[in-house]
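Contents: one structure, followed by commentary.
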Amino acid sequence: MEMKKRISLELRNRKPAEVVELVVDNCHSADGEVEGLTDEYTELEILSMVNVGLSSLSKLPSLPKLRKLEVSDNIISGGLDSLAEKCPNLTYLNLSGNKIKEMSSIEVLQNLKNLKSLDLYSCEVSTLDDYRENVFELLPHLTYLDGYDQEDNEVPDSEADNDDDDEAGPHGDDDDDDEDDEEDEEDEDASEGDEDEVGLSYLMKEGIQDEEDDGDYVEEEEEDEEDEEDGDVDGADVRGEKRKRDAEDEGDDDDDE
């Protein structure tokens, strides 16, 4: 796909001035120049044009807010002097895998006063004697070359994370997510506490009801026993009265005789 068409698709119904990050890797530049990118991209901060066949950056438009430029795996051999004018706030430049052979091609980057990190992996210039010492001498404001500082200390993860955060979205989103997670955890803990209280209350209520039921059962048994005793007494009285009447009847019969 041609670079111009790819850039148009990457707009995604946005205006050029609304684009902060633009990635057009692995498309095709017809004449080795930047195509489809204009001065309208005033808010662009991150631009990636990896493996697109670029031989020059002379047609790169003015991008005053650009901080990060990825142009690795192209065929750029020089012409970097225009970067200081067009991208004055550039802090990171990746030229790995290009055709840069001489220190003079790098010397023009002295005017990029904000440049902190430069990558020249797989460029022929990186095979020269005292390559690292000479680059740091040419660019005294440079902090990292090919991922390491002058003391051979690797780029801290914190700085790499900052680049990822910039690409992912505005700062502060992660904090909001963390706060939301904490609120969710608090709600879960509160609900679990309520469930525990409900469970204990239920068990206690069940225990009380069982005790009351046992009391009712004992009272019913006692009432049944009392009824049985009353029944026995009444039966005895009836039998006694009958025997008494029988005895009186027998006495009457004897008198008659």
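The values are calculated or read from the model by the stated rules, or taken from the named source; none is laboratory data. All figures in this text were calculated on a predicted structure; none of them were measured in a lab. All Cβ positions, glycine included, derive from the backbone under ideal geometry; neighbour counts span all protein chains shown. Accessible surface is based on the protein model in full, side chains and every heavy atom, while ligands, DNA and RNA are left aside. Shrake-Rupley method; radii C 1.70, N 1.55, O 1.52, S 1.80 Å.
Check S8, S62 and return the single one that is open to solvent by 40 Å² or more (accessible area, probe 1.4 Å), hydroxyl-bearing (S, T, Y) and under 33 Å from the mean Cα position of the chain (by Cα). Step by step, each of S8, S62 is checked, and only S8 is open to solvent by 40 Å² or more (accessible area, probe 1.4 Å), hydroxyl-bearing (S, T, Y) and under 33 Å from the mean Cα position of the chain (by Cα). Among the residues here, E70 does not qualify as in contact (Cβ under 8 Å) with a residue 60 or more places away in the chain, open to solvent by 20 Å² or more (accessible area, probe 1.4 Å) and not aromatic (F, W, Y). Can we say L66 is touching a Gly at 6+ places or on another chain (Cβ under 8 Å), within 26 Å of P16 (Cα to Cα) and not hydroxyl-bearing (S, T, Y)? So L66 fails the test. You will find that of E33, E18, the residue that is over 25 Å from I100 (Cα atoms) and either open to solvent by less than 30 Å² (accessible area, probe 1.4 Å) or of a type outside the set (V, I, T) (or both) is E18 and no other.
Going by what's in this entry, would L11 be described as at pLDDT 95 or above and among the hydrophobic types (A, V, I, L, M, F, W, C)?
So L11 fails the test.
Scan region 76-118 for residues that are touching a Leu at 6+ places or on another chain (Cβ under 7 Å), part of a loop (DSSP other than H, G, I, E, B) and either more than 22 Å from E45 (Cβ to Cβ) or open to solvent by less than 20 Å² (accessible area, probe 1.4 Å) (or both) and the total you get is 9.
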